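Colleague: Below is a structure I'd like to ask you about.
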Amino acid sequence: MTKGTEEMESTGARPGLTLAAVAVVQFMVSLDLSVVNVGLPEIAAGLGFSAAGLTWVIHAYALTFGGLLLLGGKAADRYGRKRVLLFGLGLFGVASLVGGFAQEPGHLVAARAAQGIGAAALAPAALALLTATFPTGKPRVRAFGVWSAMNAAGGALGVLAGGLLTEYAGWRWVMFVNVPMAAVALALAWRGIADGRPASRTGRPDVVGAVLATAGLILLVFGVVRTDQYAWTSPVTLTTLAVALALLAAFLYVERTTSREPLIRLGLFANRSVAGANGYNLLVGAAMASAFYFTSLYLQRVLGTGAAKTGVMFLPFALGVVAGSVLAIKLGYRLAPRTLMVSGGLLTAAGFAWFGMISPDGAFLTDVLGPSIVASVGFGLCLGPVVSTATVGVAPHETGTASGLLNSSRQIGASLGLAALGTAAEHRTGHTVTPQALNDGYALGLNLSATLLVAAVVIALVVLRRADAPAEAPASTPAPSRTETASS
């Protein structure tokens, strides 16, 4: 029995329940990123959204989630991971319930923003708990395999659930569905995660840095997602992006010079595992969010598929991700995470390039099923390894911060990628909205998604160390201290 296992037993921590709680949390958060997409037309009709206003059902969640993740990771380290996780779950569940009862557009947008705040608190806390509970060896490989499967399955099944719920139960259930999941995760976390002292509670919090980072990230995403209304070269977009970059530059200056406890220690980026995993994750997030969006629209607007049937057509993708994640667990005992990230990224890129061959007179069997299987297995292969790599060599008291950074890179990448690739696709489509024109735009977006994944592979090859070890090798992550294990 390892020292870490003995310490977990002495504090009452239950690794199995911790893994179950984290898996449910990640499935719920990932599902909520895509569950509303198919139901947007019914939401617009039910609450009277304008065409421009409807986009904020998506962006309100993405802006608060992506913009506050760094602060959420720091809060998990400072105030205790279990405490922050329970707070985030409670807020997420209540916001979902309120959103389901929304009577006007503002109510739903506000509820989605509150969901994003809750997700920004619970996601990095959950990932830090997973890292601390399974620090090394085969248990870590299995745990991150389960996490990656639930993460990807949530995103893929979100489209399926959104279509079925919207068509057969009503759009409000895309919000209500989160309530029982949040309740289950709360029960598992309350019982299975031991109370403990925070991993980091020294110094005064860097409030100025937190405000600058959050405002800069939100404004950056805000500027990009509005490029569907204001061109990239318009004064509005240029001014918004310039202010965002100025805020982020001020944040870096404050983090370097503050006498308080920094929101994120810039020295973390000197760790090649942290830098490489986050660069890889940023591009993967951009590619995956865009590909889901274009494929869903291709099925509905070009092939004329209904909402429920569109959701069902995403099921092979979800199953492929699970299969890829299981394969990653088996291969992870013999291959380095870097190897899995490279092979998984290339396989996913090949799938998206195949997707880019869609045609207006295509069909599910010829244009969707094959590339879905290839891309999903590749995605499943790389998900767990990138998460595991992002915390290699990180001190125990900074795992929450590193986890928040990884979640933030994926969410910011998703928002920026979807806005940028969506603009490119819209430009290719032009003003003539015909099946052929729409198809051309979506095909361009899918090919650009494949290009982003190739760029992610290049980052993995150049930045990550070749010597990253598989599960049997000696751990490169420091063993958790008694304080950290107790907080898990």
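Colleague: List the residues, sorted by chain then number, that are 5 or more residues from GLU261 or on another chain and whose placed amide H is less than 5 Å from its amide H.
Modeller: Placed amide hydrogens put ARG204, ASP206 under 5 Å from GLU261.
Colleague: Can you sort ILE373, ILE117 by how many other beta carbons sit within 10 Å, fewest first?
Modeller: ILE373, ILE117
Colleague: Along the positive direction of the dipole of the chain (beta-carbon charges: Lys, Arg +1; Asp, Glu -1; about the Cα centre), which of LEU453, VAL109, TYR298 reaches farthest?
Modeller: Value computed over the given set: LEU453.
Colleague: Taking the Cα centroid of the stretch 406-425 and of the stretch 254-319, what is the distance between the two, rounded to the nearest whole Å?
Modeller: 7
Colleague: In what sequence do GLU42, GLU398, GLU255 fall when counting other Cβ within 10 Å, fewest first?
Modeller: GLU42, GLU255, GLU398
Colleague: Give me D for the stretch 218-366 in µm² s⁻¹, whole number, from Stokes-Einstein with Rh from the Kirkwood sum over alpha-carbon pairs, 37 °C and 0.692 mPa s.
Modeller: Reported coefficient: 169 µm²/s.
Colleague: Rank the residues VAL321, VAL208, VAL224 as a footprinting-exposure proxy: fewest other Cβ atoms within 10 Å of their Cβ go first.
Modeller: VAL208, VAL224, VAL321
Colleague: OK, next. Of [x] 22.4; [y] 36.0; [z] 25.5, which one was derived for Kirkwood radius over Cα pairs in Å from the structure shown?
Modeller: [x]
Colleague: Moving on. In degrees, nearest 10, range 0 to 90: what is the angle between the Cα axis of helix 207-225 and the longest Cα principal axis of the chain?
Modeller: It works out to around 20 degrees.
Colleague: Can you give the Kirkwood hydrodynamic radius of the stretch 398-437 from its Cα pairs, in Å with one decimal?
Modeller: 12.2
Colleague: For the chain, compute the number of Lys pairs whose alpha carbons are separated by less than 29 Å, excluding pairs fewer than 8 positions apart on the same chain.
Modeller: 8
Colleague: Further question: Order the peptides 428-438, 292-302 from the highest to the lowest mean number of other Cβ atoms within 10 Å of their residues.
Modeller: 292-302, 428-438
Colleague: How much net charge surrounds PHE134 when only the other residues with a Cβ under 12 Å from the Cβ of PHE134 are counted, with Lys and Arg +1 and Asp and Glu -1?
Modeller: With Lys, Arg at +1 and Asp, Glu at -1, the net is +3.
Colleague: Moving on. In terms of modelled amide H atoms, which long-range or inter-chain residues lie less than 5 Å from the amide H of ASN271?
Modeller: For ASN271, no residues qualify.
Colleague: Now for a different question. How large is the helix-only mean residue ellipticity at 222 nm for the chain, computed as the sum of -39500 (n - 2.57) over DSSP H runs with n ≥ 4, divided by its residue count, in deg cm²/dmol to the nearest 500?
Modeller: Value at 222 nm, helices only: -25000 deg cm²/dmol.
Colleague: Using the alpha carbon gyration tensor of the stretch 219-299, what are the three equivalent-ellipsoid semi-axes (square root of 5 times each eigenvalue), largest first, in whole Å?
Modeller: 30, 22, 8
Colleague: Right, another one. Calculate the tail of P(r) for the stretch 206-260: the fraction of all Cα-Cα distances greater than 12 Å, expressed in %.
Modeller: The calculated P(r) of the stretch 206-260 puts 61 percent of pairs beyond 12 Å.
Every number here is computed from the coordinates shown, using simple stated rules; none is lab data. Given the structure is predicted, the values throughout are model-derived calculations rather than measurements. Positions of Cβ are backbone-derived with ideal geometry, glycine not excepted, and every protein chain shown enters the neighbour counts.
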